[in-house]
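Quick one: this structure, given as structure tokens, is what I'll be asking you about.
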Amino acid sequence: MSEDIYTDVCVIGGGPAGACCALKLAKYGHKVHLIESEKFPRQHIGESLTAGIIPLLKQLDILHPVEAAGFYRPEATFLHWGKINGDTPHPIDKGGFQVDRGVFDQLLLEQASSAGVNILQPALAEHPIETEKGWHIQAKYARQKKNIFAKKIVIASGKKTLLPSHRKRLSPPTLAIYAYWEKTAINGIESRVEAFDNGWLWGAPLPNGLFNIALFTNPDSSAFSSCEEIKYYYLQRISQSRLLSESLKGRRKGKLHICDASSYVVESPANNNCFFIGDAALRIDPLSSQGVQLSIKTAILAAIALHTQFATPHESKASIQFYTQKVHNMAHQHQAITERFYSEHGQQHSNRFWSRRMPALTKTTTAINTPHPPAAQNTYSPRSTPLKLADKAKLIIWPVLIGDKMKNLKALQCPGFERPVAFLQNIEIAPLIQFIENKNRTSREIIIE
């Protein structure tokens, strides 16, 4: 027996990215169905959320239920990294969370359901088929076959996606080995980060009483020829740890997890009918502890882009360009930040793990720190000095976000700008530039006019 379902958007994946995208779309008034293969709650790595997640939760109007869930709110972390020896807590920005991802992800999905999202869970989706009117997705749910016909589709299923995408690797291959521990001898709610000669360790207590310890290293170690050797390496590194060795006084709960933690970005994360979000669009280095934050950010941006396509179809191209640029910018900015952190410790070690993660940063740092002779300054007078555009500065068409929609506007492109600028203190810049282009006027004359 089968059932036909017609919807505006089908979201495949019910993690933080999928739940938040579906939630945002439902609040815009769109009909949304979400397919999640696993039964919640379930354990998932990625438990440290920085304070940067607060504005995103506010934007989704779900900050209060997250704050009420009783997650840890650490204000410091223990670091043994570079010149920091780890003896005392290192202050961090207030406002972040240390969560039980089973509870956190379930909470987000419940918020989406409350907003009107139709959730099929657990359900197994087959490969989506693109049609003239959108997408056809077959799913097995509650012993029935569901035929979902959606105008748009959102892929939020993590690295394993049902649709092909071309990923660009941003980091050297990185292997993650982690496990959950109980009854450890480590006190406090602070997370712990410790570098060693061939990688680094991260550990944090969770609200459910468990303690997660993850190790990150090169996957090509000669010690990794078998699962037993990987397990031995993991335990050996913890036993030698300055910050985490006390955890071995407890016991491991569950199996040892091994996964790829390399960074990447999808070259084309969006088109007219399909958006890739969360880990399906990009993955950043786990050192930043901002993976969940960025997943939710892509979810919000994709929801705005899809809303733009529904409300103003002629701006569909702008929505795709805007979303793609944002995803690529986030990926490359976080990669540069991560390289800077790796450099802080790697400058003291010649090990291959650290040297492979430093070159790009070294070049960037050199460029930033190289002093430039001050340019000759002419005396400026608003009454007498004519204004003109800088050499190579020009107006171009650029996708921008205005309210809850994206559109193409004229923006100023100029050498030295990180990106084209369309607004200056909420004032559209293109009309102001037109007063300057090809006109020999002072600022006083422009203001009078």
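The values are calculated or read from the model by the stated rules, or taken from the named source; none is laboratory data. Bear in mind the structure is a predicted one, so any value in this text is a computation, not a measurement. Neighbour counts are summed over all protein chains in view; Cβ atoms, including those assigned to glycine, are modelled from backbone coordinates with ideal geometry.
Residues to consider are L107, L124; find the one that is aliphatic (A, V, I, L, M), surrounded by fewer than 17 Cβ atoms within 10 Å (Cβ to Cβ), under 30 Å from Y6 (Cα atoms) and in contact (Cβ under 8 Å) with a residue 40 or more places away in the chain.
After applying the criteria, what remains is L124.
On the given criteria, is D279 surrounded by 22 or more Cβ atoms within 10 Å (Cβ to Cβ), in contact (Cβ under 8 Å) with a residue 12 or more places away in the chain, under 16 Å from T174 (Cβ atoms) and of a type outside the set (G, A, S)?
Answer is yes for this residue.
In region 382-403, how many are outside any strand (DSSP E or B) and loosely packed, with under 13 Cβ neighbours inside 10 Å?
The qualifying residues number 7.
Of all residues in region 168-181, count the ones that are over 16 Å from Q43 (Cβ atoms), surrounded by 19 or more Cβ atoms within 10 Å (Cβ to Cβ) and not β-branched (V, I, T).
Selection size over region 168-181: 3.
Determine which single condition D87 fails, assuming it passes every other condition in (1) outside the structural domain of A26 (by TED's automatic domain parsing); (2) of a type in the set (D, E, K, R); (3) on the phi > 0 side of the Ramachandran plot.
(3)
Residue-wise test of (1) out of contact with any strand residue (DSSP E or B) (no Cβ under 7 Å at 6 or more places or on another chain); (2) buried (at least 21 other Cβ atoms within 10 Å of the Cβ).
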position	(1), (2)
V9	no, yes
G15	yes, yes
K24	yes, yes
G29	yes, no
L34	no, yes
K39	yes, no
L49	no, yes
L56	yes, yes
Q59	yes, no
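Of all residues being in a strand (DSSP E or B) and of a type in the set (D, E, K, R) in region 223-276, which is farthest from A179 (Cα to Cα)? Just the residue, please.
Result: D260.
Taking I45, is it in contact (Cβ under 8 Å) with a residue 12 or more places away in the chain, in contact with a strand residue (DSSP E or B) (Cβ under 8 Å, 6 or more places away or on another chain), within 29 Å of A195 (Cβ to Cβ) and of a type in the set (A, V, I, L, M, F, W, C)?
Judged against the criteria, I45 is a match.
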